[in-house]
Amino acid sequence: MNGVAARLAGFAALLAVVFGGALTVGAAAGPAVGIAETAPAPAHGEGAGEHTTDMPETTTGAGHADGGHASGAAAAAKGLAVSQDGYTFTPLTTSLTAGAQEDFRFTITGHDGLPVTEYTEEHDKDLHLILVRRDLTGFQHVHPTMAPDGTWSIPLTLAEAGEYRAFADFVPAGGEGLTLGVDLRAAGDYAPQPLPAPARTAEVDGYTVELAGDLVAGAASDLTLTVSRDGEPVTDLEPYLGAYGHLVALRDGDLAYLHVHPHDGPAGPEIGFTAEVPSAGTYRLYLDFQHQGVVRTAEFTATTGAEATVSAPAATAPTPSPAHEADGHTHE
Ligand SMILES: [Cu+2]
């Protein structure tokens, strides 16, 4: 998609997003998806896992409608626009060389056209940079550093050629949280990968992550991710960016961005999230978690159940997992 189309899509996509309790991972029997990577970074990869056969699950969207969500902006799909609310994501280079480490530099400009230099820290960082190839592979979640003039930079390697989307997730000082997106490209032969089938199990680097709960279009739903290794629950997860897990969801088709954060809870094995997706569809979920000093990313494909009716009366969402109630929607 070119930038103009992405921008138009962004404006058109005022769809509520709140990731809250019900993640309808569609059909079962998908391949276990994960990242079989050994690199000690939240890099990417596409681990071809073994097939697991779960119970097929179809959830009717019975979540609460959340029509009175405090902030329409917060509930909208994010990351579809390069410029929003007076802020613009300006990369200083948009072409990178596949397989080579290069400095990726950019600024966030504000209403006055000048680079923003003051941010409100969120999850331990002033700015979170997420990258993914447009086929939803190659996920990276990294943290650039900012020079005093407001120029951000990070050594970056796009392992494979292709079209990538970069998301800058930040809170300008005194402003609202924003996620802006821009396209990057790495020239070369591009062999897009098909999106793995929906699955409730992901394998990554010897860890198994199970997903419980269902995504519900237009409603908050609870998701629980349970981490184990060698069949044993992992109960000593380490805080990473101030939480035991970070979850990013990207919508298949346009890469609308959702960043979901965990409920307070123990250091595993379960990590609970409230998530809200704006529309029915297929999403790719990326869970970053840290154990024994290494951050890993487990990936899932999930589909929503029937779309919740926005005007439906509030109702209690089906709770397939421990009672994580929507927490006041302080997440973005
Ligand atoms: Cu981050």
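With the condition kept exactly as written, say whether any residue in segment 189-210 is touching a residue at least 40 places away in the same chain (Cβ under 8 Å), within 16 Å of the ligand (Cβ to nearest atom) and aromatic (Phe, Trp, Tyr).
The answer is no; no qualifying residue exists.
Out of 178, 241, 223, 211, which single residue is within 16 Å of the chain's Cα centre (by Cα) and outside the structural domain of residue 290 (by TED's automatic domain parsing)?
Numbers: 241 fails: outside the structural domain of residue 290 (by TED's automatic domain parsing); 223 fails: outside the structural domain of residue 290 (by TED's automatic domain parsing); 211 fails: outside the structural domain of residue 290 (by TED's automatic domain parsing).
Criteria check complete, one pass: 178.
Taking the condition free of Cβ contacts under 8 Å to residues at least 60 places away in the same chain and closer than 19 Å to residue 80 by Cβ, does residue 238 pass?
Working: free of Cβ contacts under 8 Å to residues at least 60 places away in the same chain: yes; closer than 19 Å to residue 80 by Cβ: no.
So residue 238 does not fit the description; no.
Restricting attention to segment 178-199, report how many residues are over 30 Å from residue 92 (Cβ atoms) and buried (at least 24 other Cβ atoms within 10 Å of the Cβ).
Residues in segment 178-199 being over 30 Å from residue 92 (Cβ atoms) and buried (at least 24 other Cβ atoms within 10 Å of the Cβ): 2 in total.
I'd like the full set of residues that are farther than 20 Å from residue 169 by Cβ and open to solvent by 50 Å² or more (accessible area, probe 1.4 Å), limited to segment 79-102.
Once the filter is applied, which keeps residues that are farther than 20 Å from residue 169 by Cβ and open to solvent by 50 Å² or more (accessible area, probe 1.4 Å), segment 79-102 yields 95, 97, 99, 101, 102.
Consider segment 270-293. How many of its residues are assigned to a loop (DSSP other than H, G, I, E, B) and open to solvent by 30 Å² or more (accessible area, probe 1.4 Å)?
Number satisfying all stated conditions: 3.
In this structure, does residue 236 turn out to be open to solvent by 10 Å² or more (accessible area, probe 1.4 Å), under 21 Å from residue 141 (Cβ atoms) and not basic (Lys, Arg)? It would help to see each step written out before you state the result.
On the way: open to solvent by 10 Å² or more (accessible area, probe 1.4 Å): yes; under 21 Å from residue 141 (Cβ atoms): no; not basic (Lys, Arg): yes.
So residue 236 does not fit the description; no.
Suppose we filter segment 252-264 for residues that are open to solvent by 10 Å² or more (accessible area, probe 1.4 Å) and farther than 18 Å from residue 183 by Cα; how many remain?
Step one: filter segment 252-264 for residues open to solvent by 10 Å² or more (accessible area, probe 1.4 Å), giving 252-254, 261-264.
From what's left, farther than 18 Å from residue 183 by Cα: 261-264.
Of the residues in segment 252-264, 4 are open to solvent by 10 Å² or more (accessible area, probe 1.4 Å) and farther than 18 Å from residue 183 by Cα.
Pairs only if they're at least six apart or on different chains, beta carbon under 7 angstrom, first in segment 118-129 and of a type in the set (Asp, Glu) and open to solvent by less than 60 Å² (accessible area, probe 1.4 Å), second more than 7 Å from the ligand (Cβ to nearest atom) and assigned to a strand (DSSP E or B); list them, first residue then second.
Filtered contacts from segment 118-129: 126/119; 126/146; 126/170.
Considering segment 123-140 alone, what residues qualify as being in a strand (DSSP E or B) and in contact with an Asp or Glu (Cβ under 6 Å, 6 or more places away or on another chain)? Can you show your working first?
To start, the set of residues in segment 123-140 that are in a strand (DSSP E or B) comprises 125, 127-133, 140.
Selection gives 128 alone.
Where residues in segment 134-151 are in contact (Cβ under 8 Å) with a residue 40 or more places away in the chain and more than 14 Å from the ligand (Cβ to nearest atom), which of them is surrounded by the most Cβ atoms within 10 Å (Cβ to Cβ)? Before you say what the answer is, go through the steps one by one.
Taking segment 134-151 as the starting set, the residues that turn out to be in contact (Cβ under 8 Å) with a residue 40 or more places away in the chain are 134-142, 144, 150-151.
Within this subset, residues satisfying the condition of being more than 14 Å from the ligand (Cβ to nearest atom) are 134-138, 150-151.
On the way: 134: 18, 135: 19, 136: 25, 137: 21, 138: 21, 150: 17, 151: 17.
Filtering segment 134-151 for residues that are in contact (Cβ under 8 Å) with a residue 40 or more places away in the chain and more than 14 Å from the ligand (Cβ to nearest atom), the one surrounded by the most Cβ atoms within 10 Å (Cβ to Cβ) comes out as 136.
Identify, from the list 249, 220, the residue that is in contact (Cβ under 8 Å) with a residue 12 or more places away in the chain, small (Gly, Ala, Ser), open to solvent by less than 10 Å² (accessible area, probe 1.4 Å) and in contact with an Asp or Glu (Cβ under 8 Å, 6 or more places away or on another chain).
Values: 249 fails: in contact with an Asp or Glu (Cβ under 8 Å, 6 or more places away or on another chain).
One residue alone meets the criteria, 220.
Of the conditions (1) surrounded by fewer than 22 Cβ atoms within 10 Å (Cβ to Cβ); (2) at pLDDT below 50, residue 324 fails just one. Which one is it?
Of the numbered conditions (1) surrounded by fewer than 22 Cβ atoms within 10 Å (Cβ to Cβ); (2) at pLDDT below 50, the odd one out for residue 324 is (1).
Out of segment 157-177, which residues are surrounded by fewer than 22 Cβ atoms within 10 Å (Cβ to Cβ) and either within 14 Å of the ligand (Cβ to nearest atom) or assigned to a loop (DSSP other than H, G, I, E, B) (or both)?
Scanning segment 157-177 gives 159, 160, 161, 171, 173, 174, 175, 176, 177.
Identify, please: which residue in segment 124-133 is within 14 Å of the chain's Cα centre (by Cα) and either within 11 Å of the ligand (Cβ to nearest atom) or not assigned by TED's automatic domain parsing to the domain that holds residue 78 (or both) and is, among those, farthest from residue 163 (Cα to Cα)?
As a first pass, look at segment 124-133 and keep what is within 14 Å of the chain's Cα centre (by Cα): 128-133.
If we keep only those that are either within 11 Å of the ligand (Cβ to nearest atom) or not assigned by TED's automatic domain parsing to the domain that holds residue 78 (or both) as well, we get 128-130.
Numbers: 128: 20, 129: 16, 130: 14 Å.
Taking the candidates together, the pick is 128.
Could we say that residue 118 is modelled with pLDDT of 95 or more, charged (D, E, K, R) and not assigned by TED's automatic domain parsing to the domain that holds residue 256 here?
The answer is yes for residue 118.
The values are calculated or read from the model by the stated rules, or taken from the named source; none is laboratory data. Computed from a predicted structure; not experimentally measured. Note that each Cβ is placed from the backbone with ideal geometry, even for glycine, and that neighbours are counted across all protein chains shown. What goes into the accessible areas is simple: the full protein's heavy atoms, side chains included, and nothing from ligands, DNA or RNA. Shrake-Rupley method; radii C 1.70, N 1.55, O 1.52, S 1.80 Å.
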